[in-house]
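Readers should treat all values here as calculations from the given coordinates under stated rules, not as data from a laboratory. All values reported here derive from a predicted model rather than from experimental measurement. Every residue, glycine as well, gets a Cβ built from its backbone with ideal geometry; the counts of neighbours run over all protein chains shown.
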Amino acid sequence: MENLYFNIPTVISHSYFILSNEVVHMSEKEINYFYSLLYLFRKNMKDESKVKIFVKNGKKHSISDDFENITVRIELSQFNDLGVVSNNTYEDLKNFIQKLQNREIVINSLGKDKRLDIQPLKMIEEYEIDKNILYLTLNDDFLFLFLHTQKYYMKVDLNILFKIKGYKSKKLYLFIKDYSLFKNKCIKISKENLENLIGKIPSKNRFQKDIENVNTVIYKDKNKDKNISDLDENKDKNISDLDIEYPTIIGRKLKKYEFKFKNLVKKETDKDSEPKEEIPKEIKEAVDKRIERKIKKGEQIDNLDGYKQKSYQSEMKKLQPKEKTDIEIKIDNFIDEEKSKHHIDISKGGNPKIIINGMWWIDNSYLIKNPFGEKLTQNPTETLEKIENGSLVFTVEYSNGYSDDMKKMYFLTDSELRKRGLI
């Protein structure tokens, strides 16, 4: 497998996008598009520039004084060659490039590079796509950020970044890799900064899965699975791993997350195969009972052990977090903003919900519904449209389930609630 090494400046790896001053997050696929775009732009620049781009000063290189910003030609088939686009289908890629032109990138969001401010920049000056050829001109300020940097950057093999699953895991990987050589093996980051980087922070179990995705990437090498990582700078070891403890939440009012590193480099073992995923006892017992019932009913199962393993894995997949769409992320951000506006008091307990027009709320499927099972919207897109048209009135309800307050809200007696099966 060809190494796709790319020097990513900290100011870009510690960045996020905004649209109309609102934070927007890239999907898993879009992160691959973004870094592919930068990689191919830099790779193709030499073919377009009429002057020498870099000059050597002693042992170091710098950008030539004669170099000026140019339009770079990129064939969309090159994205196919990198593996981020399949079957020469470019519609999603084209849509993403259009999004980038309308967004600003907030660079250096953690302030690690003291030479630069935390600031939004326009990224794309202009572009045109003609017959699957992209003609791209970047904004001057953004171009010189990644064209050449001597400080505050990391060398990333894009093969690894592309193969990490989940947009949160990809962003965590870039953040963690940048700090993985810290002597104290610990990073502290505020909740606000972390959410700017990766989006809404999930529950502990799901977040743990996002972190696990960072640790190991598997790829096929001569019909054999092999672990790869570039988190180790020691070239004598071709396998390295980053073991990250689940972040500790520090403080009550001001939340900070603390990432601890351990076993930064693991020695190569004789087994280069993907480690087996441990199956929880509850899943094994439930699957075994289900299979036992099938056998008692006379169902013939030829390879019982293989069938069990396949069933275990099928149940495990159901537990995997579903990647959120851009629309679902926008709805999550809206809910967080509304809760913030209403100054939620955690001392009241319960599970605060955003109540819409006095009796509706947004459920886990991003649909607007009421306690009687009626749906105001049929999909997340309709929900977002309702939110954005400004016709809804929002309040906050603190109750868990159907408390006395909620009964009063819906003007229903206990008898009526029982008839409807609500209590």
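From the square roots a ≥ b ≥ c of the eigenvalues of the alpha-carbon gyration tensor of the range 63-104, which class results: rounded (a/c under 1.5), prolate (a/b over b/c), or oblate?
Oblate, since a/c reaches 1.5 and b/c is not below a/b.
The slack between residue 56 and residue 102, meaning 0.36 nm per residue of separation minus the straight C-alpha distance, is 12.9 nm. Taking 26 Å as the cut-off for C-alpha to C-alpha distance, list the pairs among 56/171; 170/191; 43/260; 94/204; 122/260; 43/114 that go past it. Distance filter (> 26 Å) returns 56/171; 43/260; 94/204; 122/260; 43/114.
Residues of the range 112-132 with an amide N closer than 15 Å to a point placed 7 Å from the Cα of residue 149 along the Cα-to-Cβ direction: 112-121. Under a 5 Å amide H cut-off, with hydrogens placed 1.01 Å from N, residue 125 pairs with 137, 138, 139 among residues at least 5 apart or on other chains.
Here residue 281 and residue 29 are evaluated by their C-beta separation; at R0 = 45 Å the FRET efficiency comes out at 0.80.
Between residue 135 and residue 305, residue separation times 0.36 nm minus the direct Cα-Cα distance comes to 55.7 nm.
Loop-located GluC sites (Glu not before Pro) across the range 288-317 with a Cβ neighbour count of 16 or fewer within 10 Å are 299, with loop assigned by DSSP.
What the Cβ-Cβ distance of residue 7 and residue 391 gives, at R0 = 41 Å and to the nearest 0.05, is a FRET efficiency of 0.25.
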